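A short worksheet on the structure shown next.
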Amino acid sequence: MNQPRTHMPTPSHTYTLEEARAFDAQDPLHSYRSEFMIDNADLIYLDGNSLGRLPLRTRERVSQVVDHEWGSRLIRGWGEGWFTAPQRIGAKIAQLIGAQPDEVIVADSTSVNFFKLVMAALAARAGRPLVVTDDLNFPSDLYLLQGALRLAGAGRRLVRVASPDGIRVPIEALAEAITPETALLTLTHTAFKSGFIYDMPAVTALAHRAGALMLWDLSHSVGAMPLDLNAAGVDLAVGCTYKYLNGGPGAPAFLFVRRGLQAELLNPLWGWFGQKGQFDFSLDYDPGPGLQRFLVGTPPMLSTAAIEPAVELVLEAGLDRLRAKSVAQTEYLIALWEDWLAPLGVALNSPRDSAQRGSHVSLGHPEGLRIDRALIEDMAVIPDFRYPDNIRLGIAPLYTSFADIYEGLSRLRRVLVERLYEKYPVERPEVT
Ligand SMILES: Cc1ncc(COP(=O)(O)O)c(C=O)c1O
């Protein structure tokens, strides 16, 4: 991993909790914090990029679905809004990613949607053997690519472009890897460890110049920054709803297919929810129109319904304002790192330039795992740990406050100064 940056003493600025609270007082989005369940004011939650907090509106919506729609309306619920929920909620997510309402649908998990789109893309570019990705990509995507290529048959090959520093991949390295043999270029837009953001229009154009399709994984971007898939000419995308969209644990994901491609692509999983005229119960598969064909089986309605009020909250707050706050907060976090933590041997494992950085920051330390443990168990701070040394701190601009960041980093400093992590074993727990 990269070394800690040399610490440059800055003209002395003393960071204080009062100053952080003053930033909160000036924050136009600060009132959104009260839209979320926060039952422990002392707990500093910096993991909204893994699992977003519970919106209070979601609690109401879910109890309405359980008590009224399921409890009282029973099977009639399917005709009263359940059946169309994947399209309806998809159209709301479309507004967050610069897509048309009929270009996004909610279904399955991110992994399953990714597989469906990869198989569809490979079939649509049958004469081209290569798929290009990078080694910053989320492992589930890499595994699915390996499995999909094996299913797609002999001669297909995955090209994994290496990051030179574990933080970013230069566009030139991608350009070198893409050839007229490339069927598909697929990348995670905001890298899950470093938070590096690709230039979506430039990278998509690169794929298109070679005649390849472009598939983005938006899981760490959606809800944290404006995205414009249509303006960039993106072909395909997937994303999850339980991070910045606060849809709840295991909430279904979404997929995007550019309108002009929809009729050409086929879902490899032929289920009855993708069937044209589903209730004719015809014995032979005929793919439904538009994105319906990318559905497979019955949508999990309780968790699908939970996404809707959460997405509405993000739409209400506005992505430009959310991004502006996220940038101000990651800058603030990095300023604290530079002043307090860099001198203690903590590295910045994320881009320094905010234009290249998403809404999380990874701090590197050889004892990262045990430090994370001490933060969680002794300090009431919840970060993430990502192998080998990343203490990943997520900023969810809808509810993370500047005071959270101040407190989280000052407690981290204490863990390091007092070496509180030393009492924990070095073994990794099952879930990090
Ligand atoms: C970038 C990215 N892609 C895919 C996934 C997998 O999502 P799922 O478990 O919903 O399939 C994740 C999960 O965190 C992720 O961060």
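The values are calculated or read from the model by the stated rules, or taken from the named source; none is laboratory data. None of these values were measured; they are calculated from a predicted model. Virtual Cβ from ideal backbone geometry, glycine too; neighbours counted across all protein chains shown. Side chains included, ligands, DNA and RNA excluded: accessible areas come from the protein's heavy atoms. Shrake-Rupley method; radii C 1.70, N 1.55, O 1.52, S 1.80 Å.
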I'd like the full set of residues that are touching a strand residue (DSSP E or B) at 6+ places or on another chain (Cβ under 7 Å), in a loop (DSSP other than H, G, I, E, B) and within 13 Å of VAL106 (Cα to Cα), limited to the stretch 222-244.
CYS240, THR241
Going through ALA107, ALA124, ALA91, ALA120 one at a time, which residue ends up being away from the ligand (no atom under 16 Å from the Cβ), hydrophobic (A, V, I, L, M, F, W, C), modelled with pLDDT of 95 or more and within 30 Å of GLU69 (Cα to Cα)?
ALA91
Filtered residues of the stretch 47-69 (kept if touching a residue at least 12 places away in the same chain (Cβ under 8 Å), more than 16 Å from the ligand (Cβ to nearest atom) and not β-branched (Val, Ile, Thr)):
ARG53, LEU54, PRO55, LEU56, ARG57, ARG59, GLU60, ARG61, GLU69
Result of the Cβ filter at 8 Å on the stretch 101-113, keeping first residues that are touching a residue at least 24 places away in the same chain (Cβ under 8 Å) and partners that are within 8 Å of the ligand (Cβ to nearest atom) and β-branched (Val, Ile, Thr), at least 6 apart or interchain, is THR110/VAL238; ASN113/VAL238
In the stretch 176-210, what count of residues is obtained for those that are part of a strand (DSSP E or B), farther than 21 Å from GLN146 by Cβ and either of a type in the set (Val, Ile, Thr) or open to solvent by 20 Å² or more (accessible area, probe 1.4 Å) (or both)?
2
Residue by residue through the stretch 159-175, note down the ones that are without any contact (Cβ under 8 Å) to a residue 60 or more places away in the chain, more than 14 Å from ALA202 (Cα to Cα) and open to solvent by 40 Å² or more (accessible area, probe 1.4 Å).
ARG160, ALA162, PRO164
Filter result for the condition that a residue is in a strand (DSSP E or B), farther than 30 Å from LYS276 by Cβ and open to solvent by less than 10 Å² (accessible area, probe 1.4 Å), over SER362, SER350, SER326
SER362
Scan the stretch 268-289 residue by residue and report those that are touching a Pro at 6+ places or on another chain (Cβ under 7 Å) and either part of a loop (DSSP other than H, G, I, E, B) or under 21 Å from ARG125 (Cα atoms) (or both).
LYS276
